[in-house]
Each structure stands twice: as C-alpha cells, then as structure tokens.
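Student: Next up is a structure, given as structure tokens.
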Amino acid sequence: MSAGPVVVVHGGAGSLESEADRRQYLVGVAGALDAGVAALADGCAAAVRAAVVFMEAHTIMNAGRGAALAADGTAALDAGFMDGATRRYGGVTGVRRCMHPVLLAARLADEGDFGRFLGPPDVDALPEEFGVPACLPEELITARARAILDRRLAAKVTPGAAPYLDTVGAVALDANGHVAAAVSTGGMSMKRAGRIGDSPVVGSGFWADDAVGACVTTGVGEALARMGTARRCMQLVADGLSETPAAAADRALDELIEFDGDERGASGLILVTRAGDVVLDHNSPEMSGGWARPDGTRDVTHLWRRPG
C-alpha cells in the first residue's frame, strides 16, 4: 500500500445479527470515506470531522441519530477529537441535544490550551454557543433503536450484545504531514444511565501526535479506558517495541484480553502512522472499516475475528 495522505474509518467492533445490517454498515463506511477524502484538502482535522459526521447521520450505526439506547430508554452520546499538530483535544459526554457531538468535541479542542472535557448539564449549551445545529432528545431515537431496546429488556439480555457494532471513528494524515483523530458513540447498548466509556477520554478512545500518528479504538470501553489503548498502541509504535505498526496494534489489543485472561475486553482499533501506514485490527467477532486516498485507491471491508 503506497504511503501518503489517507483517511481511515471504522464503523465499530462487536457483532451483528444479519447480513443486511453488515451491508448497511459498509455503506456507512464507504460514505464516510468519500466525505473524509473530499474534505482532506482542508486538512486532516476537517477530514476526520466530515467522516464522523457522515456516520453520525447514518442511522444504523452506533453514533448520532439511531445510536444505542441506555437502559432507561434515552440516547446519551459521547465524542472525542484530537489534533496531532498541537495535541489539543476535546471530549464531550452525555450529549442529548445534538446529533453531531463530534463537532462539539472539535470546537472544545480549538478553544483549549491543552484540551477540554465537558459533560452534563453544561454540555447541553454547547450547540448554541458553537453554532452547531441542536435537536430535541427524542430526535436522537429511531424506531429501530427503540425496538432493539424493548426486545432486549424483555429478554433480559446482556448489555452491549448484538446487533450493534460499537462506536464510529476516523483518523487521517494530510499532505502537510499532520494527523488527527475523531470518535463518536452512543455507548454500550442498555448501559446504565450516566455511564461514560472510553470514547470521549483522551488516550483511551483516541490519540493523535504528528511525531508518531493517530489511533482510535472501538469495543469494550471499560477495558480500553483501563489500558489507555489508543495511547498505548501509538507508544508501542513510537518506541519500536513491535516490528511493525500492525504488530503494535496486535499487541495493544492482546493486552486487553491478557489482563483478565478472558475475552471480555475484545475490541478493535484503526491507526495511521506519520509515514502513511494504515492498520485496521480487532479481536472482537467482527468490525467494519476501510481507508481511502486522494488518488482513488481505497478498501472497504468487513473484518472477521482473526485466527488464533
């Protein structure tokens, strides 16, 4: 794969119930890549914002409108953004009045010396302050998401079970050698109200540094937050502790499972290095994702659990 400017996205790691859902996730991935590449001329930050905004609007994905619902029937969204040139970051949690929380996170990053992390109730005022379109809480909820929650509550299934892939995210490298990362999610299906996962937390759900590259994670938020997986993966790349970026990704994900000795931490990640190397990896049952470059080369794929 040739190096150079690139956009990488994922539609989440986890498991789904049907081939129809898998096809729709790949439609979302493909559209996000188109949106990201179209914005890449304006820089990596614009590219990852555009890619994630597209997926937040693609209502089958666990982000924005149509995201997984908490056990109390509400939608509470989280998002994060980081600029690799400045290491400024922004994170928002518990968003109920905006379909595109990634835009709020990006604006918080713009205004902070280092970064900003904001939750309820103050996060509800950000759409008006930043000029980002607001919505009513009920507008985030789709009939599909409600039906899934009702079915799960009746069956008393485990929170986080299929048919959702968890989280959406994007990383990008632009023509000036800058990287950025962005992530957005509705969180774990049937989560406890007020639960915060890894996605809005810098170092756990996302990381970007021009000196190394950018990474975003997806999967079991509690495990990813405990291990700081996005930061850990890029540190493995930077320190040369693994032979290749792909080996670094493998190691970072394997550590999630090795910590507990079981597969409760099975997750995934995407990364791009400063040289333009791309990795999509997971040890969850499945993950959707892809990459695209301005020269038209691209790949959109649904990944299944790797052997071994």
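Any read-out appearing in this document is the output of simple, stated calculations on the displayed coordinates, not a laboratory observation. Keep in mind it's a predicted model, so treat the numbers as computed, not measured. Neighbour counts run over all protein chains shown; Cβ positions are idealised from the backbone, glycine included.
Student: Take segment 1-146, drop everything but the C-alpha atoms, weight them equally and run the Debye formula without solvent; then report log10 I(q)/I(0) at 0.15, 0.19 Å⁻¹ to two decimals.
Tutor: So the normalised log intensities work out to -0.79, -1.19.
Student: Set the Förster distance to 45 Å, then compute FRET efficiency between Asp34 and Ala161 from the Cβ-Cβ distance, nearest 0.05. If you can, show how the numbers build up before the last one.
Tutor: Details: r = 31 Å, r/R0 = 0.69.
According to the calculation, E is roughly 0.90.
Student: What is the distance in Å between the Cα centroid of segment 50-75 and that of segment 110-131?
Tutor: Cα centroid to Cα centroid, the span is 20 Å.
Student: Find, to one decimal place in angstroms, the Kirkwood hydrodynamic radius of segment 127-261, where the mean of 1/r is taken over every pair of different Cα atoms and then inverted.
Tutor: Averaging 1/r across every pair of different Cα atoms and inverting gives 16.8 Å.
Student: Could I ask something else about it? At a 10 angstrom cut-off on C-beta neighbours, averaged per residue, how do the peptides 217-228, 250-261 rank from highest to lowest?
Tutor: Numbers: 217-228: 24.5, 250-261: 16.6.
Result, highest mean first: 217-228, 250-261.
Student: Mind ranking 23-29, 109-115, 243-249 by how tightly packed they are, going by the mean number of other C-beta atoms within 10 angstrom, highest first? Intermediate values should be presented prior to the final figure.
Tutor: Numbers: 23-29: 20.7, 109-115: 14.6, 243-249: 18.0.
The packing order, highest mean first, is 23-29, 243-249, 109-115.
Student: What number, rounded to the nearest 500 deg cm²/dmol, is the helix-based mean residue ellipticity at 222 nm of the chain, given -39500 (n - 2.57) per DSSP H run of at least four residues and division by all its residues? Don't skip to the end; give the middle numbers.
Tutor: Details: 8 runs with 98 residues, N = 308.
Helix contribution divided over all residues of the chain: -10000 deg cm²/dmol.
Student: OK, next. Just to be sure I understand: of the beta bridges DSSP finds with both ends in the chain, what percent are antiparallel, rounded to 5? Each step should come with its number before you reach the end.
Tutor: On the way: 53 of 58 bridges.
The antiparallel proportion sits near 90 percent.
Student: While we're here: Given a cut-off of under 8 Å on Cα pairs at least six residues apart, what relative contact order in percent is computed for segment 233-305?
Tutor: Values: 94 pairs, mean separation 15.1, N = 73.
Result for segment 233-305 is 21 percent.
Student: Can you give the convex hull volume of the alpha carbon atoms of the chain per residue, in Å³?
Tutor: Details: hull volume 35.9 nm³, N = 308.
So the per-residue hull volume is 117 Å³.
Student: While we're looking at this one, here's another question. For segment 6-304, calculate the relative contact order in percent as a whole number, restricting contacts to Cα pairs under 8 Å that are 6 or more residues apart.
Tutor: Details: 845 pairs, mean separation 73.2, N = 299.
That works out to 24 percent.
Student: Ok, one more. Need one number: nm distance between label points at Ala41 and Ala246, each 7 Å from Cα along Cα→Cβ, rounded to one decimal.
Tutor: Going by the 7 Å Cα→Cβ label model, 3.3 nm.
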